[in-house]
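> The structure's right below; bear with me while I get my questions together.
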Amino acid sequence: MIDVKQAVKVAMEKAADLLGQRPFNLEEIERESYKGSDVWVITLSFVADPDQTSAFSTMVTSLTRNLKYKRFFIDPETSELLAMKVREVETQ
């Protein structure tokens, strides 16, 4: 059985493999049921288009608009990635 640190590591590795090498930030860690099984759910954020956020003047407002979130569903027994989903975040 993998612990939370190992689940985060798996999510980060899978994110880099599937979405490309870019900085990912850990946002949420949860235990959830997925298709009847207990899983780790790791939410990572990343900048959708890193080239658009290079100027310091766009720091807060455009960076938050360009952030994307993905949820990674990791089997705690096998460390297999079961699913990756978009995490929608409400804007104020």
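> Quick check on Lys5: is it within 21 Å of Val89 (Cβ to Cβ) and at pLDDT 95 or above? Explain how you work it out, then say what you get.
Values: within 21 Å of Val89 (Cβ to Cβ): no; at pLDDT 95 or above: yes.
Against the criterion (within 21 Å of Val89 (Cβ to Cβ) and at pLDDT 95 or above), Lys5 does not qualify.
> Now for a different question. Could you please find all residues in the range 8-35 being in contact with a Ser or Thr (Cβ under 9 Å, 6 or more places away or on another chain) and of a type in the set (A, V, I, L, M, F, W, C)?
Scanning the range 8-35 gives Val10, Ala11, Phe24, Leu26, Ile29.
> Pull out all pairs, ordered by first then second residue, where Cβ-Cβ is under 7 Å, the residues are six or more apart or on different chains, the first lies in the range 1-13 and is in a loop (DSSP other than H, G, I, E, B), and the second is surrounded by 14 or more Cβ atoms within 10 Å (Cβ to Cβ) and at pLDDT 95 or above.
Filtered contacts from the range 1-13: Met1/Pro76; Ile2/Pro76; Ile2/Ser79.
> Those residues that are farther than 15 Å from Asn66 by Cα and surrounded by 12 or more Cβ atoms within 10 Å (Cβ to Cβ), I need them from the range 31-50; list them, please. First the steps, then the outcome.
Filtering the range 31-50 for residues farther than 15 Å from Asn66 by Cα gives 31-43.
Once the filter is applied, which keeps residues that are farther than 15 Å from Asn66 by Cα and surrounded by 12 or more Cβ atoms within 10 Å (Cβ to Cβ), the range 31-50 yields Tyr34, Ser37, Val39, Trp40, Val41, Ile42, Thr43.
The values are calculated or read from the model by the stated rules, or taken from the named source; none is laboratory data. Since we're looking at a predicted model, the values are computed, not measured. We place every Cβ from the backbone using ideal geometry, glycine too, and count neighbours over all the protein chains shown.
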